[in-house]
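Visitor: Before anything else, here's the structure in question.
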Amino acid sequence: MAVLVDPARWPAHGTLWSHLVSDSSLGELHAFAHRAGVPARGFDQDHYDVPATRVDDLAALGAERVGGHELITRLRASGLRRPPRLRAAERARLLLRWREAAGPRQETLAAAGVDLLARWSQRGRLHHDARHLSEVLDAIDLLADAETAPAADLRVARLGAWFHDAVHASGLGRDEPHPDPAGSDEAASADLALRLLADDPDAGRVAGVVLMTATHDPAADDDAALLLSDADLAVLGASPQRYADYAAAIRQEYAHVPDAVFRPGRAAILEALLDGELYGTATARHRWDAAARANLEAEVAALRA
């Protein structure tokens with residue numbers, strides 16, 4: 001396992017640029033970038049772009065210098081390479097998912113889908129990105145099938161997935177020393193839903209489930225909110241490697257928050273999750289609860305160490 005950096009050969013913005021990658025995991029890459037002070041906005045799906053002036057520093061911190069051909073070869077072998085054709089295919093797939101979520105109003109809401117996908121694809125989003133959106137949509141479908149959710153609730157949950165992190169300030173190059181007030185991104189995302197959905201009959205419900213994701217405390221009789229909340233938290237019950245990638249991405253997105261603030265704050269959030277019911281549906285509890293608790297407990301122990 002290694003973090004790799006190639007020679008600075010790519011010109012842009014008046015300088016030459018190198019690529020910083022991992023040959024094992026995105027978690028390793030994000031953790032290294034955080035330690036090195038490489039900004040989250042430099043990440044582009046499978047690598048960080050770093051200026052020539054940083055290459056010696058990165059090598060001193062442990063990055064292995066390799067040629068451009070070797071870097072690409074090892075990135076491909078890791079399975080982390082995301083070439084343009086793959087990115088285009090994923091974009092097309094997500095736009096189809098938007099049409100599926102919009103249902104009978106898909107033509108009216110086509111422009112909204114393009115706007116939302118551009119937001120989810122912003123550089124600087126490491127966890128709250130198009131991959132997370134796709135995983136949430138897939139988890140909603142899985143849960144809806146198992147729980148036989150009504151079609152009306154499924155539509156609200158799917159639209160809620162598209163809007164729930166559509167506004168996400170962290171990782172986008174801000175200089176504030178402290179995180180945003182709790183719930184501000186969710187409130188802005190809910191406002192966006194009301195604006196882009198305009199006269200859609202489900203606009204109010206979609207905004208409501210988006211606001212719910214600030215607390216993940218859905219009402220027991222709100223099937224749409226239950227689906228979205230459980231799907232959004234499905235990553236907590238992923239494999240230890242996927243969870244490690246997620247945790248490292250979160251830390252790098254909040255790189256502007258000092259460790260002395262981030263570590264106890266993050267630990268408190270995770271402990272609050274552990275103290276309650278993580279999932280509201282029986283299917284999610286069966287599939288993800290045990291693994292999620294093990295992952296959360298391990299991260300809390302590391303944060304409190």
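Every read-out reported here was derived from the displayed coordinates using simple, explicitly stated rules and does not represent laboratory data. Worth saying up front: this structure is predicted, and the values here are computed from it rather than measured. Every residue, glycine as well, gets a Cβ built from its backbone with ideal geometry; the counts of neighbours run over all protein chains shown.
Visitor: Which is farthest toward the positive dipole end of the chain among 164, 207, 4, measuring Cα position about the Cα centre, with Cβ charges +1 (Lys, Arg) and -1 (Asp, Glu)?
Guide: 4
Visitor: Under a point-charge model restricted to the Cβ atoms of Lys and Arg (+1) and Asp and Glu (-1), what is the dipole moment magnitude of the stretch 1-157 relative to its Cα centre, in debye to the nearest 20? List each step's numbers first, then the result.
Guide: Working: 21 positive and 21 negative charges, 95 e Å.
It comes to approximately 460 debye.
Visitor: If you fit an axis through the alpha-carbon atoms of helix 259-275 and take the longest principal axis of the Cα set of the chain, what angle between them do you get, 0 to 90°, nearest 10?
Guide: That works out to roughly 30 degrees.
Visitor: Just to check I understand the Karplus step: with θ = phi - 60° and J = 6.51 cos²θ - 1.76 cosθ + 1.60, what whole-Hz values come out for the stretch 243-250, glycine and proline as x?
Guide: Result, rounded to whole Hz: 5, 4, 4, 4, 5, 5, 5, 4.
Visitor: Then there's this: Amide H to amide H under 5 Å from residue 64: which residues, 5+ apart in sequence or cross-chain, H placed 1.01 Å off N in plane?
Guide: 3, 4, 5
Visitor: With a sphere of radius 14 Å drawn around the Cβ of residue 65, what net charge do the other residues whose Cβ falls strictly inside it have (Lys, Arg +1; Asp, Glu -1)?
Guide: That sum, taken over residues with Cβ under 14 Å, equals -3.
Visitor: Which ³J(HN,Hα) values, rounded to whole Hz and listed in residue order, are derived for the stretch 106-117 from phi using the Karplus coefficients 6.51, -1.76 and 1.60 in 6.51 cos²θ - 1.76 cosθ + 1.60 with θ = phi - 60°, glycine and proline given as x?
Guide: Result, rounded to whole Hz: 4, 6, 4, 9, 4, 5, 5, x, 5, 4, 5, 5.
Visitor: Using alpha-carbon positions, what is the distance between the centroids of the stretch 271-300 and the stretch 2-32, in Å?
Guide: 35
Visitor: In whole Hz, with x marking every Gly and Pro, tabulate ³J(HN,Hα) for the stretch 209-220 from phi via Karplus 6.51 cos²θ - 1.76 cosθ + 1.60, θ = phi - 60°.
Guide: 3J(HN,Hα) across the stretch 209-220, in whole Hz: 6, 5, 4, 4, 5, 6, 10, 6, 10, x, 5, 5.
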